[in-house]
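Right, one structure below, let's go through it.
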Amino acid sequence: MRIDILTLFPSSVHTVLHESILGRAAAKGLIEINCVQIRDYTENRQCQVDDYPYGGGWGCVMMAQPLKKCLDAVMKSAGERKSRVIYLSPQGQPFTQETAKRLQREYDHLVLVCGHYEGVDERFVEACVDEEISLGDFVLTGGEIAAMAVSDAVCRLVPGVLSDEACYTDESHWDGLLEYPQYTRPEVWEGRHVPEVLLNGDHAKITHWRRKQQILRTRDKRPDLYQKADFSLKEDRMILQEIERDALRFPLTEALSCRTARVEDLPVILQIVSDARRILAQRRIDQWQGDYPTEKDFSADIDRGECYLIFHGEEAAGVFTLSGSHQAEYDALTDGKWACETGHYCVLHRAALLAKYRGSGISRFLLKQVEEIACSGGFDSVRTDTHRKNKGMRSLLLNEGFAFRGNVLVSTEPGHDPHRQAFEKIL
Ligand SMILES: C[S@@+](CC[C@H](N)C(=O)[O-])C[C@H]1O[C@@H](n2cnc3c(N)ncnc32)[C@H](O)[C@@H]1O
């Protein structure tokens, strides 16, 4: 790509455009940026480039003759290149990433004409200019800053100028969205943490998080772009649904805590279970649709010190049982095998949340508590199962590091679908 900038201030523009990345690209011959002094092409003794406007008014107007002569010289030296003559003007079309892409794709020679004073003689624009580009709806004293912006945005799209194509395809405006937030070391700065997802090395999760952030940022910072964005990709549509679900979430405004349940907690535990049972019925999942789990089950869990409550502030929001007893049904996975066959495992049973906390993030907190209690109890792994149609629980378990190990039949609910999927987390 060759760019000729016609200006009254060539040395300032040259300096800026030959620093850093563009300077190195020019040294490698990937781009060529020439800053040409318009004044060198005047035909009067004073080297005058401007004159008073016909009809009166403030300031001076740049004359057509030096501009045309300067343009002719650069066009002649450019030879057979595919050229585009652009006048930087507040009256032009606003410059966008799409414009930069188009100019880089369709031309290998750009001539950028910088006006000054009150602008340039209109006859030069009519006779010689292919298009007018504006940096935005404001007025600069000259076209140089706009020419530098256009040159920079176009040149960084030239293959080889940046180390990888992803350097610009991942950025704001490439596909109509803003970029996701970026972080670098240290991990904690003035008490602010880098989002955990970026630290775990799980690239699929990072990609998903970044795309979601792009969508959210564009929605919040640039609703005009969001309205026009293309969300036809399946992945984007799923993220939009996720964002809708997030908006319905109960806000967690209080601290979360966990403690072992006591006998006097039984009424609230049964309330949580009845809420969970209702939700399962609504989702047509044939789990907990009979008597199970009963007050007796929880009473026995409490006696053994294996039942726990999760609190949001003062409110009991969830319940679970973590049992160290051998679970005979787990000995026979129908089509799979535990990774920790001989290990000392515990089993997560009877986990439930109050319906209003679904999707609030409490379930992740619950699983973190499970892991902590299991670790402090010296267990090697946690096992659990969920109904084969319970997709929500399945994705929660997978997201929190549990692995699917196979299918299992459970007999706790006679007369109901006994098929369960078994999961395991190695500690
Ligand atoms: C003071 S301006 C002239 C403005 C002109 N009289 C008008 O009102 O449209 C001088 C020069 O700065 C450049 N310029 C000013 N604002 C610009 C913008 N928003 N985008 C690109 N170039 C601009 C143009 O090259 C213009 O000729």
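Evaluating SER395 against the criteria (1) without any contact (Cβ under 8 Å) to a residue 60 or more places away in the chain; (2) part of a loop (DSSP other than H, G, I, E, B) leaves one unmet condition, (2).
Tell me whether region 384-398 contains one or more residues that are over 22 Å from ALA317 (Cβ atoms) and at pLDDT 95 or above. Yes, region 384-398 contains a residue that is over 22 Å from ALA317 (Cβ atoms) and at pLDDT 95 or above.
Taking the residues in region 118-164 that are charged (D, E, K, R) and within 18 Å of GLU106 (Cα to Cα) as candidates, determine which candidate is farthest from the ligand (Cβ to nearest atom).
That would be ARG156.
Pairing each residue of region 114-129 that is in the same structural domain as ARG39 (by TED's automatic domain parsing) with any residue that is at pLDDT below 95 and near the ligand (Cβ under 10 Å from one of its atoms), provided the two are 6+ apart or on different chains, yields C-beta distances under 9 Å for TYR117/GLY59; GLU118/GLY57; GLU118/TRP58; GLU118/GLY59; GLY119/GLY59. May I ask you to list the residues in region 17-73 that are part of a loop (DSSP other than H, G, I, E, B), more than 16 Å from the ligand (Cβ to nearest atom) and at negative phi? Listed by number, the residues that qualify are HIS18, GLU19, LYS28, LEU30, ILE31, THR42, GLU43, ASN44, ARG45, GLN46, GLN48.
The values are calculated or read from the model by the stated rules, or taken from the named source; none is laboratory data. Because the structure is a prediction, the values reported are computed rather than measured. So basically every Cβ, Gly included, is an ideal-geometry build from the backbone, and we count neighbours across all protein chains shown.
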